[in-house]
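As structure tokens, the structure follows; a few thoughts come after it.
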Amino acid sequence: MPRVAALLLAVLMAACSSSARAPESASKAPASDAIRVVTTFSTLNSFVQAVGGERVQVQNLVPVGASPEEYLPAPEDIATLSSAQLVVENGAGIDAWLQHTIASASNPNVQLLVLSDELPKIDHNPHLWMDPVLAKAYVTKIRDALARIDPAHRAQYEANAKAYQAKLAALRGWIAEQIATIPPRQRAMIVFHNAWEYFNQRFGISTFGVIELSPGQDPNPAYVGHLVDLARKHHVRAVFSEPEYSPKLAQTLARSADIRIVSNLYDDSVGTDPRVHDYLSMLRYDTGVIVQALR
């Protein structure tokens, strides 16, 4: 009999525990009057979700794992944009295809937020978010845009933004500590596409070459030979690429220069792998990969 009583007690406790957890799960779902936000690609989605919480319902246009620089809008994107209240794009050319798609959506009430506007750029490079300091500026802009649309919940957006910016500050410090473990003369990269200029400038890594100078355009053999010479001259230990790009050119360069190839970095998109499911985890993961390859 004591065993039966104990079993019944355990079942009751589990039921109570389950019902106690239900509100927590429900609170993470978008509110019925949530702001309908569209982001051009998934990395930006992380910032909007962090600031908006359950007050936003966010959709990406570019699928996770795809490159926004080479994206061709689909007919369903027009339908998505036609009901949006806020569209968040990076700007600086990486999602230039958006303008025509928005025009086709015929949504006169939509607000457009261009995150890179008025921020310092390096040679028109659009990948500003790869620097956690500039990512904090993105978060501020998203906070203000959401508050303009939904002023009744301004305090919530401000609190969420402040908490997330603290995480970005902590992330910056952690990355700096990790990069410091790489001997200074080994802090050098050749990359497939030039997404790392802001990250590298922030944390003291030199970018000695870029394989793909323009999206979708392969370099000629002479240029690849030039990169091989640079890799040898500067004792570059690895060439870095991302899963969404063909590895063939990077493999050719790595073989010719006798260096490692690392093809699993993330930047324009978070990944389907749980280790890179949002911006914060993406940069932690990337930092670990870079440190391992260069150290």
| query | Is there any pair linking a residue in the stretch 162-185 that is under 25 Å from VAL236 (Cα atoms) to one that is exposed (fewer than 14 other Cβ atoms within 10 Å of the Cβ), with Cβ under 8 Å and at least six apart or on different chains, and which? | reply | ARG172/VAL133; GLN178/GLY288; ILE179/GLY204; THR181/ARG295; ILE182/ARG295; PRO183/ARG295; PRO184/GLY204; ARG185/HIS235
| Is it the case that some residue within the stretch 168-181 is under 14 Å from GLY288 (Cα atoms) and acidic (Asp, Glu)? | yes
| said: Looking at (1) under 24 Å from PRO126 (Cβ atoms); (2) under 20 Å from the mean Cα position of the chain (by Cα), which one does ALA250 not meet, given that it meets all the others? | reply: (2)
| query | Across the stretch 203-218, what is the total count of residues that are modelled with pLDDT of 90 or more and polar (S, T, N, Q)? | reply | 2
| Which of the residues that make up the stretch 239-260 are in contact with a Ser or Thr (Cβ under 7 Å, 6 or more places away or on another chain) and among the hydrophobic types (A, V, I, L, M, F, W, C)? | ALA250
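Out of all the residues in the stretch 248-263, which are in a loop (DSSP other than H, G, I, E, B) and surrounded by 15 or more Cβ atoms within 10 Å (Cβ to Cβ)? First the steps, then the outcome.
Of all residues in the stretch 248-263, those in a loop (DSSP other than H, G, I, E, B) come to 258-259, 263.
Once the filter is applied, which keeps residues that are in a loop (DSSP other than H, G, I, E, B) and surrounded by 15 or more Cβ atoms within 10 Å (Cβ to Cβ), the stretch 248-263 yields ILE259, SER263.
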| query | Among (1) within 24 Å of SER42 (Cα to Cα); (2) touching a strand residue (DSSP E or B) at 6+ places or on another chain (Cβ under 8 Å); (3) in a loop (DSSP other than H, G, I, E, B), which single condition is VAL191 missing? | reply | (3)
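Report the residue count in the stretch 114-167 for those that are under 30 Å from SER214 (Cα atoms) and in a helix (DSSP H, G or I).
Here is the first cut: in the stretch 114-167, the residues under 30 Å from SER214 (Cα atoms) are 114-139, 141-142.
Restricting the remaining residues to those that are in a helix (DSSP H, G or I) gives 128-130, 132-139, 141-142.
Qualifying residue count, the stretch 114-167: 13.
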| query | Within the stretch 208-236, how many residues are crowded, with 19+ Cβ neighbours inside 10 Å and closer than 15 Å to ILE259 by Cβ? | reply | 6
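Let's see how each residue does on (1) in contact with a helix residue (DSSP H, G or I) (Cβ under 6 Å, 6 or more places away or on another chain); (2) surrounded by fewer than 22 Cβ atoms within 10 Å (Cβ to Cβ); (3) assigned by TED's automatic domain parsing to the domain that holds PHE203:
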residue: TYR71; (1), (2), (3): no, yes, no
residue: ASP77; (1), (2), (3): yes, no, no
residue: THR80; (1), (2), (3): no, yes, no
residue: GLN99; (1), (2), (3): no, yes, no
residue: ASN109; (1), (2), (3): no, yes, no
residue: LEU112; (1), (2), (3): no, yes, no
residue: ALA147; (1), (2), (3): yes, yes, no
residue: ALA166; (1), (2), (3): no, yes, no
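Rundown of residues vs (1) small (Gly, Ala, Ser); (2) within 29 Å of GLN49 (Cα to Cα), yes/no style:
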| position | (1), (2) |
| --- | --- |
| HIS234 | no, no |
| PRO243 | no, yes |
| LYS248 | no, no |
| ILE261 | no, no |
| ASN264 | no, yes |
| GLY271 | yes, yes |
| LEU280 | no, yes |
| THR287 | no, yes |
| ARG295 | no, no |
| Which condition breaks for VAL276 when tested against (1) at pLDDT below 90; (2) under 30 Å from LEU119 (Cα atoms)? | (1)
| query | From the list ILE182, ILE190, which one is crowded, with 19+ Cβ neighbours inside 10 Å, more than 24 Å from GLY53 (Cβ to Cβ) and in contact with a Gly (Cβ under 6 Å, 6 or more places away or on another chain)? | reply | ILE190
| If a residue has to be under 30 Å from TRP196 (Cβ atoms) and in contact (Cβ under 8 Å) with a residue 60 or more places away in the chain to count, how many in the stretch 70-126 make the cut? | 7
| note | Of those in the stretch 58-109 that are part of a helix (DSSP H, G or I) and of a type in the set (Asp, Glu), the residue farthest from HIS277 (Cα to Cα) is GLU76
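Suppose the filter is loosely packed, with under 15 Cβ neighbours inside 10 Å, closer than 26 Å to ASP218 by Cα and charged (D, E, K, R); does ASP123 pass it? Step through it out loud before you land on a result.
Details: loosely packed, with under 15 Cβ neighbours inside 10 Å: yes; closer than 26 Å to ASP218 by Cα: yes; charged (D, E, K, R): yes.
When the stated conditions are applied, ASP123 passes them.
The values are calculated or read from the model by the stated rules, or taken from the named source; none is laboratory data. These numbers come from a predicted model, not from an experiment. Here the Cβ is made from the backbone with ideal geometry for all residues, glycine too, and neighbour counts use every protein chain on show.
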